[in-house]
1. Lysine pairs, Cα distance under 24 Å, 8 or more residues apart or cross-chain: how many in the chain?
2. Equivalent-ellipsoid semi-axes (√(5λ), Cα gyration tensor) for the chain, whole Å, largest first?
3. As a check on your grasp of the helix formula, calculate [θ] at 222 nm for the chain: sum -39500 (n - 2.57) over DSSP H runs of n ≥ 4, divide by the residue count, round to the nearest 500.
4. Quote the charge dipole size of the chain about the Cα centre in Debye, to the nearest 20; the model charges only the Cβ of Lys and Arg (+1) and of Asp and Glu (-1).
5. Starting from the amide H of Leu109, placed 1.01 Å from N in the peptide plane, find each other amide H under 5 Å away whose residue is 5 or more places distant or on another chain.
6. Please return the longest range in the chain lying between exposed loop sites, taking trypsin sites (Lys or Arg not before Pro), DSSP loop only, at most 16 other beta-carbon atoms within 10 Å, and leaving the sites out.
7. First compute the accessible area of the range 25-125 with a 1.4 Å probe, then give the percent of it belonging to carbon and sulfur atoms.
8. Which of Val37, Val114, Val45 moves the most in a Gaussian network model of the chain with Cα springs under 10 Å?
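The values are calculated or read from the model by the stated rules, or taken from the named source; none is laboratory data. Because the structure is predicted, anything quoted here is derived from the model rather than measured. When we count neighbours, we look across all protein chains shown, and the Cβ atoms used for this are built from the backbone with ideal geometry, even at glycine. Quick note on the areas: whole protein, heavy atoms, side chains included, nothing else; ligands and nucleic acids left out. Shrake-Rupley method; radii C 1.70, N 1.55, O 1.52, S 1.80 Å.
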Amino acid sequence: MKNEVVGQFQDKVSELLIRHRSILDSLTKFQESSARVNRSIAKTVTNCGCLSVSASKQTCPPEVNLKDCQQYMNSHLNGELCEHCLEAIEEELGNHLFYLTALCNLLNLELTDVFDKEFERINTLGFFNLS
Ligand SMILES: [Zn+2]
């Protein structure tokens, strides 16, 4: 059912994809949208202040197995996203998804296949190779 939504999204992007038919335009817009996602997250700290970052080296006790190591890992984030920042990040992520989908369209890739294959890959790999 979720894949159906992804398929409909890809069809809609294809309809709207007039100005960025060139792979070069879509590639550079994709990269730009990625930077805008990062910027919207950074602004939660530097402009709004709803989140703060406090980072240090991640360490996991040597006797702990990889699966249990999760509980020793820290996001380095403090606070909660405010409504404004949440909306801004969602908007930038949505824009990023648009250009990701545009790239799929131009390369004749099905976004649902990309999701399915990645889902299969992470299921198979488990805790390993996901860094
Ligand atoms: Zn905020």
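1. So the count works out to 8.
2. Values: eigenvalues 202, 107, 33 Å².
Semi-axes (√(5λ), whole Å): 32, 23, 13.
3. Details: 4 runs with 75 residues, N = 131.
Counting only the DSSP helices, I get -19500 deg cm²/dmol.
4. On the way: 12 positive and 18 negative charges, 90 e Å.
So the dipole magnitude of the chain works out to roughly 440 debye.
5. For Leu109, whose amide H was placed from the backbone, there are no distant partners under 5 Å.
6. Working: sites that count: Arg19, Arg21, Lys57.
Free of exposed loop sites, the longest segment is 58-131.
7. Carbon and sulfur atoms account for 52 percent of the accessible area of the range 25-125.
8. Largest GNM mean-square fluctuation: Val114.
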